[in-house]
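First the structure, in the form of structure tokens, and then the observations on it.
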Amino acid sequence: QKEVEQDPGPLSVPEGAIVSLNCTYSNSAFQYFMWYRQYSRKGPELLMYTYSSGNKEDGRFTAQVDKSSKYISLFIRDSQPSDSATYLCAMYGAYNFNKFYFGSGTKLNVKP
Amino acid sequence: DSGVTQTPKHLITATGQRVTLRCSPRSGDLSVYWYQQSLDQGLQFLIQYYNGEERAKGNILERFSAQQFPDLHSELNLSSLELGDSALYFCASSVEAGRGAEAFFGQGTRLTVV
């Protein structure tokens, strides 16, 4: 079983839709959760960073962590064609800051 | 521009060969991470260096090695290359060893083994 599972998609939505991207994980020691956005052939770019459970909002993006279910989500409101990219979740535990566990990424396509 | 520079951008080489990928971290960053991204595996953590010393090891093959030099740039050496080593190799850097969450990625080196 992989440490982090993420639906690869592709996910195709119309412009203006609310997008929900999700990851599940198996290691209850994970405490730090991140979402990265990766445009084609570019390096991943950090979007959101959350610690432990709860919600964090930044503009049109909301990150949600449910540690009891081992489930994290990224919501994108009013999606734009420029949001079309691959979204990767990543996480690590306090016992080992340096080793990230990445999901395989979900490819999102926002149609104008 | 993240400030992390990777060279070369593209590399095509034959099986059995050896290549070196180079990474210059952001100014002031002491920690460097190497990742491999292939189509079927997603982003895989390979190894991390902090101020010249190895700090963490991930799924790095014995044929692969890395080092970080006194000027903090890092090199990833891949030897006895196989077709399956074809992938994007990313370098990331951060200020502190424990603050990997704020790592900034370079644009990657696309390695094709033929």
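The values are calculated or read from the model by the stated rules, or taken from the named source; none is laboratory data. Just so it is clear, the model here is predicted, and its values are computed rather than measured. Neighbour counts run over all protein chains shown; Cβ positions are idealised from the backbone, glycine included.
Overview of results
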| read-out | value |
| --- | --- |
| Of the criteria (1) within 13 Å of chain A (Cβ to nearest Cβ); (2) touching a helix residue (DSSP H, G or I) at 6+ places or on another chain (Cβ under 7 Å); (3) not polar (S, T, N, Q), which one B:Phe104 fails | (2) |
| Out of B:Ser38, B:Ser24, B:Ser65, B:Ser74, sole residue that is closer than 20 Å to A:Phe100 by Cα, small (Gly, Ala, Ser) and within 14 Å of chain A (Cβ to nearest Cβ) | B:Ser38 |
| Failed item, numbered, when B:Arg55 is tested on (1) at the interface with another protein chain (Cβ under 9 Å from one of its Cβ atoms); (2) out of contact with any Cys (no Cβ under 9 Å at 6 or more places or on another chain); (3) under 18 Å from B:Thr5 (Cα atoms); (4) buried (at least 16 other Cβ atoms within 10 Å of the Cβ) | (3) |
| Residues of segment A:1-38 satisfying the condition of being in a loop (DSSP other than H, G, I, E, B) and either touching a Lys or Arg at 6+ places or on another chain (Cβ under 6 Å) or among the hydrophobic types (A, V, I, L, M, F, W, C) (or both) | A:Gly9, A:Pro10, A:Ala17, A:Ile18, A:Ala29 |
| Meets criteria (exposed (fewer than 15 other Cβ atoms within 10 Å of the Cβ), within 12 Å of another protein chain (Cβ to nearest Cβ) and out of contact with any Ser or Thr (no Cβ under 9 Å at 6 or more places or on another chain)) for A:Ala90 | no |
| Hey, A:Ser68 outside any strand (DSSP E or B) and away from chain B (no Cβ under 14 Å) or not | yes |
| Hits in segment B:77-95 (condition: among the small types (Gly, Ala, Ser) and away from chain A (no Cβ under 13 Å)) | B:Ser79, B:Ser80, B:Gly84, B:Ser86 |
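Here's the yes/no breakdown for (1) at pLDDT below 95; (2) hydroxyl-bearing (Ser, Thr, Tyr):
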{"position": "B:Gln44", "(1), (2)": "yes, no"}
{"position": "B:Ile47", "(1), (2)": "yes, no"}
{"position": "B:Tyr50", "(1), (2)": "yes, yes"}
{"position": "B:Asn59", "(1), (2)": "yes, no"}
{"position": "B:Ser74", "(1), (2)": "no, yes"}
{"position": "B:Asn77", "(1), (2)": "no, no"}
{"position": "B:Val95", "(1), (2)": "yes, no"}
